Structure formats: C-alpha cells, structure tokens
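Just below is one structure, and these are the notes that go with it.
The values are calculated or read from the model by the stated rules, or taken from the named source; none is laboratory data. Computed from a predicted structure; not experimentally measured. So basically every Cβ, Gly included, is an ideal-geometry build from the backbone, and we count neighbours across all protein chains shown.
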C-alpha cells in the first residue's frame, strides 16, 4: 500500500493532494530485539566461521560444545578457541569456559561472572561468632 502511494506520487498521476507521505517506522519486528541463546557443536576447525558469523550479528549468546574437536585434534581446538577469543575481544564481548567441554560466548551487552560464588557454609567463622 505504501509502495502504491509512493509510485503514484512519483509518477505525477496522484489524485491525492498531500505533499508528503507518512511512513510508520514504529512497527518493528518483535524478534529484532530479542536475545538468542544458540547451541553450537565444534566438530572441526571450519565450524568456527559459522559460529563467528552468528556472533557478529550481536544478539546471540553462544554455548559451544568442544568435546568432539578436543578428542579428535587438540591443536585444531587451540586454534579454533584462539580465533573465537580474538573475535569476541574485538566485539567487546566475553568468553569463558564452563567445565572441560563447553565455552560460553556473549556479545558486548552481556557479561559473564567469572569469579566463583562463595558458599555460606564455606565462610570461616570469626572468633567472635561463638559469643
């Protein structure tokens, strides 16, 4: 409908006497503003390209399973992780290992808390707590 009005306005056959065309820019897709958590399996070094392309879009948190590549070729795994880390640093995102076989990668708007959480039962009592 907007294109028909625009076509008529440009062709000069417009029966409408308005001098301007109003376009509603507020009708935005709902999916554009959502964050996507996507799971990846790193089976070979070439899989890094697909992962990095999706991360560059900026709205994806990646959870990467590296177990398969780790068992096949640890040297290729080091290269792949180094490439992912370099790209994430350039995008001002975060990367962290979770366990032995998982990497978590976030864009710049999300942060990974890397400090360990202190459990309440592990906190040492002071000598004044027993009083």
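Residue-by-condition table, conditions (1) over 17 Å from residue 38 (Cβ atoms); (2) modelled with pLDDT of 90 or more; (3) surrounded by 10 or more Cβ atoms within 10 Å (Cβ to Cβ); (4) out of contact with any helix residue (DSSP H, G or I) (no Cβ under 7 Å at 6 or more places or on another chain):
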{"position": "71", "(1), (2), (3), (4)": "yes, yes, yes, yes"}
{"position": "83", "(1), (2), (3), (4)": "yes, yes, yes, no"}
{"position": "98", "(1), (2), (3), (4)": "no, no, yes, yes"}
{"position": "102", "(1), (2), (3), (4)": "no, yes, yes, yes"}
{"position": "114", "(1), (2), (3), (4)": "yes, no, no, yes"}
{"position": "118", "(1), (2), (3), (4)": "yes, no, no, yes"}
{"position": "121", "(1), (2), (3), (4)": "yes, no, no, yes"}
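Quick grid of which residues meet (1) over 14 Å from residue 42 (Cβ atoms); (2) in contact (Cβ under 8 Å) with a residue 24 or more places away in the chain; (3) part of a loop (DSSP other than H, G, I, E, B):
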position: 63; (1), (2), (3): no, yes, no
position: 70; (1), (2), (3): no, yes, no
position: 83; (1), (2), (3): no, yes, no
position: 86; (1), (2), (3): yes, no, no
position: 89; (1), (2), (3): yes, no, no
position: 97; (1), (2), (3): no, no, no
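Per-residue answers, yes or no, for (1) buried (at least 16 other Cβ atoms within 10 Å of the Cβ); (2) at pLDDT 90 or above:
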{"site": "20", "(1), (2)": "no, no"}
{"site": "27", "(1), (2)": "no, no"}
{"site": "49", "(1), (2)": "no, yes"}
{"site": "53", "(1), (2)": "no, yes"}
{"site": "66", "(1), (2)": "yes, yes"}
{"site": "89", "(1), (2)": "no, yes"}
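Taking residue 58 and the conditions (1) farther than 14 Å from residue 40 by Cα; (2) modelled with pLDDT of 90 or more, which numbered condition does it fall short on, given that it satisfies the others?
(2)
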